[in-house]
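Before any comments, here is the structure.
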Amino acid sequence: TCHGNEAGSAGKLVVTHSYVNKALGDAVNDIDPATLSCGQCHIEYYFTPADSETMMPYHDVAGMSPEAILAYYDDMGFADWTQESTGTRMLKAQHPEMETFLQSRHAREGLNCADCHMEITMADDGTVYHSHYLGSPLDSETLLSTCVQCHGDTDMVSMVQNLQKRITARETEVGNLLMKFKEALAAAVEQGEMSEEELDAVRKLHREAQWFFDFCYVENAEGAHNSALATRCLDTAEAKIVEGMTLLGYEDGLD
């Protein structure tokens, strides 16, 4: 997957997944190979309605934001499924690690996936290479030394763990609000007192709230790759929940 099948490639990284090349075209050259080789799998993707082909919902790095991907899906009228109780045409994010990372300061500073997850090590013959035992930088003094270049003498383990606790707590908070929103919308559909036009306006907000929540929730770094984006996604999801609940008649959008 990462190095191709050609013998004698001397460790050259190769994009072997055809959908990556098809979606990005020449834009593959804008992404560090040490990130794109991981990003071949650690991405958001969908299956094309016509032939169930695996595809990425963008064509360059600029199109990888959750807002741009949502617009891409909206433009093509795509939904992963229609929720039976609400009638909302829902989107399910996969695991957008590459998209999240490439919008981060870490990427802008020139880091790649290998810098933080693959230790530099030495073989018995003196060959220096990236270990392929991928791990968390919090568990490796060698990997943490990369962080020191920008973060100085910061206690990185405590800093990241506190960040992840904050993001996880926020995910739980917004997730519970999203559940209440779903239940309120399902009740409104069952009661039949709102017009389809009114319900569709709420469904749109429900779809969007789910998308922004999920974009953060299923990205496995819990904010460590890009805390600003994680926070923005959760704040955006909550704002759309409040707007939708207000349309449903809840006075302050939540109660």
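Rolling a 1.4 angstrom probe over the protein heavy atoms, how many square angstrom per residue are accessible across the chain? It amounts to 54 Å² per residue over the chain. Full extension of the chain segment joining Asn220 with Tyr250 gains 7.5 nm, where the gain is 0.36 nm per residue of separation less the Cα-Cα distance. Using DSSP to define loop residues, name the GluC sites (Glu not before Pro) in the stretch 211-255 whose beta-carbon has at most 14 other beta-carbon atoms within 10 Å. Answer in residue order: Glu251.
In plain terms, the chain from Glu193 to Thr16 could stretch by 58.4 nm, reckoned as 0.36 nm per residue minus the Cα-Cα distance.
Approximating the spin labels as points 7 Å out from Cα along Cα→Cβ, the Met179-to-Ser85 distance works out to 1.0 nm. Expressed as a whole percent, the accessible surface of the chain that belongs to carbon and sulfur atoms is 51, based on a 1.4 Å probe.
Measuring nothing but how far apart in sequence close Cα pairs (under 8 Å, 6+ apart) lie, relative to its length, the stretch 77-224 scores a relative contact order of 34 percent.
If you line up the long axis of helix 141-151 against the longest principal axis of the chain, both from Cα atoms, how many degrees apart are they, to the nearest 10? That helix lies at roughly 70 degrees to the long axis.
Against the chain, whose longest principal axis comes from its Cα atoms, helix 156-191 is set at around 30 degrees.
When you restrict to C-alpha pairs under 8 Å that are six or more residues apart and normalise by the size of the stretch 214-255, the relative contact order lands at 24 percent.
List the cysteines of the chain that have no other Cys Cβ closer than 4.7 Å: which are they? So far as the 4.7 Å Cβ criterion goes, Cys2, Cys41, Cys116, Cys147, Cys150 stand without a partner in the chain.
Could you state the angle between the C-alpha long axis of helix 227-247 and the longest principal axis of the C-alpha atoms of the chain, as a value from 0 to 90 degrees rounded to the nearest 10? The angle comes out near 10 degrees. Taking a ≥ b ≥ c as the square roots of the eigenvalues of the alpha carbon gyration tensor, the chain is oblate, as a/c is not under 1.5 and a/b does not beat b/c. As a length-normalised measure over Cα pairs under 8 Å and 6 or more apart, the relative contact order of the chain settles at 18 percent.
Shown here for the stretch 98-133: chymotrypsin sites (Phe, Trp or Tyr not before Pro) in loop regions (DSSP other than H, G, I, E, B) with at most 15 other Cβ atoms within 10 Å, namely Tyr133.
The values are calculated or read from the model by the stated rules, or taken from the named source; none is laboratory data. It should be emphasised that the depicted structure is a prediction, and the values quoted were computed from it without experimental measurement. FYI the Cβ positions are ideal-geometry reconstructions off the backbone, even for glycines, and counts take in every protein chain you see. Protein only, heavy atoms only, side chains kept; ligands, DNA and RNA dropped before computing areas. Shrake-Rupley method; radii C 1.70, N 1.55, O 1.52, S 1.80 Å.
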